[in-house]
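First up is the structure itself, then whatever we jot down about it.
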Amino acid sequence: MADGHHENALRHMPFEAVAALSKVAWHESWKASLKRASNADWFLALVEKKAFKDADFHSKKIPRAQEAWNALLPKWLYEPRGQKDATTVSQAILDAAKAAAAHAAARRVGFSSEKKPEKAFEEAQEAWRKFEAAKGVLEEHRDVMSHSLATSTLQLLWASAWHAANSVGEVEAEAAEHAEDEEEEDLDEDEDGEDDEDEGEDDDEDEDEKFGEHYLGSSNDSIEDHVALLVAQRELFWDHSQRWQGCRFFLTSDSAKITSALEAMSKVPCFSGPFPHGLNAARLVLKESLTTAKDPLGDALRAALLKAEALGLRVMLEVQVKPGAKGEQWLKKIAEQAASMKCIAGVALPQAGCSLSELQPLLTAVRAGGLTPDRCQISLVAPQIEDESEESEDGWTPEFRALHKTDILEATQNILHLDGNIIMEGLPRIPPKEEGGPEDAQSLLDAASHAADCIQELDLASSWNLAVPSGIKFKSKDGPTDEWYKEYLQRWLGAVQCLEQGFFFEAWELPEESEEKHQNSEFAKLLESGWVDLAAEDMVIAPTGGKHTHTFIYLHGFMCDAYSYMAEPEFFYKVKKAKKKKGSKAKDHDDEEWEEYEPHPGLKIVLPTAPNRKITAEGGNEHPSWHDYLTDFDGEGEDDLPHEELEAAAARIHAILDREIAAVGAKNVFLGGASQGSAVSLYSAMTYSKGGLGGVFCAEGHLHSWVEIPPEWVATKTPISVYHGLADTTMPWGKWVEATYQRLIDAGCEVTVTLDEGVEHCDGDREQAWTRAFLANAVRPASVKVVAKKAGKKK
């Protein structure tokens, strides 16, 4: 829980205000970083006889940017509490922008010539204190600006500051390295000197700790900073509750066919947790042959748009246009005629390329036509992101770097930043066997879970299907079963659901002339086959090894869903072997050990998903949740909830327990969860009237204080394994969580507690380690457990 219940608190910022604030942050950031570099020899040599925008240039821009920001306040920030509080909040944001800029600059710029690094650290500390003070003002005014909006605002300022500081710092580091090469004779390969230098460099992580537990974290990559800046900027004004979840539709001259297909998709049954708005989006693929110069939309597209609007679908137009005057004119005409249709919320330009200079006229054409950033995203195909070759100095490809790198002599916002609502899309992919891809049915399932890993830095999966790569070995000569295909789909959905802006399936139906037309690329036919069940409330990872011997039922936390675990099945796997793997980013990883994982033979994983529901403590915002929250004490105490909703959730889990116990026996069934799911699983186990279980797993959760502990359940001696992080401020162990588990111990329950220092709430890496540790013990053969127990007694 994060946002308190303030009905009038603002949850979004108008696009115009976001643009104004972005300019303030940009100029504050570059002013601070360039000012620290201005007198350095390397900088003076760089700018010699060159025109450049110095710190004074940005200083002059700041008042104008602030004036534009302040002029907009009456239109939105006055609304919740009036002018006085709005002015206080606004000034705190401006103070935070300046403080973030000064802090990042002090930590990254000037160290090649810094004679007193301790002074720079003192300046960074002072700037951080000012930033924290501004942050505190925003926290005190949650009735004006919601916690989530304040957080996104600070993230924008923080990313902007670090982008400028790292951009300047990276050039400084290159200059220093070049100078060292030139003075190599003087250095004499002095190993002692090199050791002294290494000892003088604080590890970033260690230095971060000096700023306290609430520090937002440092960065050392200007490219990552720019990506984060664009994401934070969009978070401020765009409604992220409406993700793209739908199919691509290829327009033909048959208008009736396309409108019928749109209606069919809108009626596909979906469970509200992962699909709160059902399949809510259509990506309409335009063909220039269906349009004319006088009518750039054409009858087919116009009919489709009218139908989509009537059905409440969001539409993304996929326009096959390339850079050039002809394409710009056509694109502008399309935008002009389409702008009146409220259903249009996106335009995809898959052939536009990724050259900023060539992109700018196309983006301008869309915006000038009336599809403005506040209502319409533009989706571009991203270049390859990471460069794993040894020649790459920073791990990024030149093409991706060009989209996000800022020339420190120009220091101007590029078109992606100025536009404010451009997203990057890509194709999820399973590599073929020749490239190290899967060879059998199980490895193909695991590959599907990670099919979107290659585009995890992007926003949208533009197209995906259920095609099975050639050469995959299946146990049956008849190939994959229907049940296998159902899990294959759930794994794929888990992968693409992780992308922030959503996904589109390859096609509802492929056009007749398609050269690669097959059943696994057409969503309509997949529905007919029975492989697609978007109404499923439970995800299942089927047991391997031929026999089902154990079941682990695992409940996700608040605002999460089961698909997120289908994307990371390793939560429930065991270590296979260790090997060396070169990391994808040369600067972050040298050769490092990594582990491979494989399923526990015979173990079935059942992953129920909570329904989407309105959360009272968040002003009625909807999230996947096992129950409502009536209060938000922000970690200071246990939140209140409707007891009947917890009971209803438990009844659903009891039905799953009945089914699984009938299959493998009670002692081979385990129940657990994380955060909210942990508390629900513990309650469900305690109220299960048919006996005990093999064990209960509780990660970063608690026992509800009002729940009575049934003596008959204690008598079952069901072991309870508790895992918790000591840096968890959402559910703080020492403050109140420990006492809830002490009740179980006092009642005579078998409780084992594992506490980890420095672990915060919702630490996915630790949760994964905890689940694996729990299962490694839970599903071991009985003989192994006995030996281990005896060995323990000998100690």
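The values are calculated or read from the model by the stated rules, or taken from the named source; none is laboratory data. Only a predicted model underlies this, so the values are computations on that prediction, with no experimental measurement involved. Cβ atoms come from the backbone with ideal geometry, glycine included; neighbour counts cover every protein chain shown. With ligands, DNA and RNA removed, areas are computed over all heavy atoms of the protein, side chains included. Shrake-Rupley method; radii C 1.70, N 1.55, O 1.52, S 1.80 Å.
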Using the structure shown, decide if residue 717 is farther than 29 Å from residue 598 by Cβ and modelled with pLDDT under 95. no
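Hey, among the residues in the range 246-257 that are open to solvent by 10 Å² or more (accessible area, probe 1.4 Å) and of a type outside the set (Phe, Trp, Tyr), which one's nearest to residue 626 (Cα to Cα)?
Looking only at the range 246-257, we keep the residues that are open to solvent by 10 Å² or more (accessible area, probe 1.4 Å), and these are 248, 250, 252-257.
Pick out the ones that are also of a type outside the set (Phe, Trp, Tyr) and you get 248, 252-257.
Details: 248: 33, 252: 44, 253: 47, 254: 45, 255: 43, 256: 42, 257: 40 Å.
The residue in question is 248.
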For the range 610-652, how many residues are closer than 30 Å to residue 666 by Cβ, part of a loop (DSSP other than H, G, I, E, B) and in contact with a Leu (Cβ under 9 Å, 6 or more places away or on another chain)? 5
Residues of the range 295-314 classified as open to solvent by 60 Å² or more (accessible area, probe 1.4 Å), more than 19 Å from residue 242 (Cβ to Cβ) and of a type in the set (Asp, Glu), total: 1
Of a type outside the set (A, V, I, L, M, F, W, C), at pLDDT below 95 and under 22 Å from residue 501 (Cβ atoms), is that true of residue 372? no
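Please indicate, with yes or no, whether at least one residue in the range 462-475 is in a strand (DSSP E or B) and loosely packed, with under 15 Cβ neighbours inside 10 Å. Walk me through how you get there before you give the answer.
Taking the range 462-475 as the starting set, the residues that turn out to be in a strand (DSSP E or B) are 473.
Okay, now just the ones that are also loosely packed, with under 15 Cβ neighbours inside 10 Å, so 473.
Scanning the range 462-475, I find at least one residue that is in a strand (DSSP E or B) and loosely packed, with under 15 Cβ neighbours inside 10 Å, so the answer is yes.
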From the set of residues in the range 262-294 that are open to solvent by 40 Å² or more (accessible area, probe 1.4 Å), in contact (Cβ under 8 Å) with a residue 40 or more places away in the chain and among the charged types (D, E, K, R), which is farthest from residue 524 (Cα to Cα)? 288
Which condition does residue 423 not pass, out of (1) open to solvent by less than 30 Å² (accessible area, probe 1.4 Å); (2) under 28 Å from residue 346 (Cβ atoms); (3) modelled with pLDDT under 95; (4) not acidic (Asp, Glu), if it passes all the others? (3)
Considering (1) closer than 28 Å to residue 349 by Cβ; (2) open to solvent by less than 10 Å² (accessible area, probe 1.4 Å); (3) hydrophobic (A, V, I, L, M, F, W, C); (4) not in a loop (DSSP other than H, G, I, E, B), say which one residue 454 fails and leave the rest. (2)
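State which residue is most open to solvent (accessible area, probe 1.4 Å) when the search covers only the range 410-420 and only residues that are assigned to a helix (DSSP H, G or I) and farther than 18 Å from residue 316 by Cα. Outline the logic, then answer.
Applying the first criterion (assigned to a helix (DSSP H, G or I)) to the range 410-420 yields 415-419.
Okay, now just the ones that are also farther than 18 Å from residue 316 by Cα, so 415-418.
Values: 415: 29, 416: 6, 417: 5, 418: 89 Å².
Here the answer is 418.
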Across (1) surrounded by 18 or more Cβ atoms within 10 Å (Cβ to Cβ); (2) touching a strand residue (DSSP E or B) at 6+ places or on another chain (Cβ under 8 Å), residue 241 clears everything bar (1)
Does the range 353-375 contain any residue that is open to solvent by 10 Å² or more (accessible area, probe 1.4 Å), of a type in the set (D, E, K, R), in contact (Cβ under 8 Å) with a residue 12 or more places away in the chain and assigned to a helix (DSSP H, G or I)? yes
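Go over the candidates 636, 596 one by one and state the one that is closer than 27 Å to residue 543 by Cβ and either at pLDDT 85 or above or touching a Pro at 6+ places or on another chain (Cβ under 7 Å) (or both).
The conditions single out 596.
Within the bounds of the range 210-230, is there any residue that is closer than 30 Å to residue 539 by Cα, small (Gly, Ala, Ser) and within 21 Å of the chain's Cα centre (by Cα)?
Within the range 210-230, not a single residue is closer than 30 Å to residue 539 by Cα, small (Gly, Ala, Ser) and within 21 Å of the chain's Cα centre (by Cα).
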Which residue is nearest to residue 461 (Cα to Cα), if the candidates are limited to the range 376-396 and must be assigned to a loop (DSSP other than H, G, I, E, B) and in contact with an Asp or Glu (Cβ under 8 Å, 6 or more places away or on another chain)? 382
Of (1) farther than 22 Å from residue 460 by Cα; (2) in contact with a helix residue (DSSP H, G or I) (Cβ under 9 Å, 6 or more places away or on another chain), residue 343 satisfies all except one. Which? (1)
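With out of contact with any Lys or Arg (no Cβ under 7 Å at 6 or more places or on another chain), of a type outside the set (D, E, K, R) and over 30 Å from residue 693 (Cα atoms) as the only criterion, which of 552, 503 stands out?
Values: 552 fails: over 30 Å from residue 693 (Cα atoms).
When all the criteria are applied, what remains is 503.
Quick one: which helices (runs of 4 or more DSSP H) sit completely within the range 1-109 and have at least 3 residues that are in contact with a Cys (Cβ under 6 Å, 6 or more places away or on another chain), crowded, with 17+ Cβ neighbours inside 10 Å and without any contact (Cβ under 8 Å) to a residue 60 or more places away in the chain? So that I can check it myself, show each step before the final result.
Details: elements: 15-37, 41-47, 55-76, 83-108.
Passing ranges: none, list empty.
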Considering only the range 755-776, state which residues are touching a Ser or Thr at 6+ places or on another chain (Cβ under 9 Å), of a type outside the set (Asp, Glu) and open to solvent by 50 Å² or more (accessible area, probe 1.4 Å). 762, 773
Filtering the range 696-714 down to residues that are touching a residue at least 60 places away in the same chain (Cβ under 8 Å) and crowded, with 24+ Cβ neighbours inside 10 Å yields 697, 699, 700
Lone qualifier among 399, 434 - being part of a helix (DSSP H, G or I), within 29 Å of residue 487 (Cα to Cα) and without any contact (Cβ under 8 Å) to a residue 60 or more places away in the chain: 434
Filtered residues of the range 25-58 (kept if touching a Gly at 6+ places or on another chain (Cβ under 9 Å) and of a type in the set (Gly, Ala, Ser)): 33, 37, 40
Neighbours by Cβ (under 9 Å, 6+ apart or cross-chain): first from the range 651-678, more than 22 Å from residue 770 (Cα to Cα) and β-branched (Val, Ile, Thr); second open to solvent by 10 Å² or more (accessible area, probe 1.4 Å) and in a strand (DSSP E or B): 656/538; 664/550; 664/604
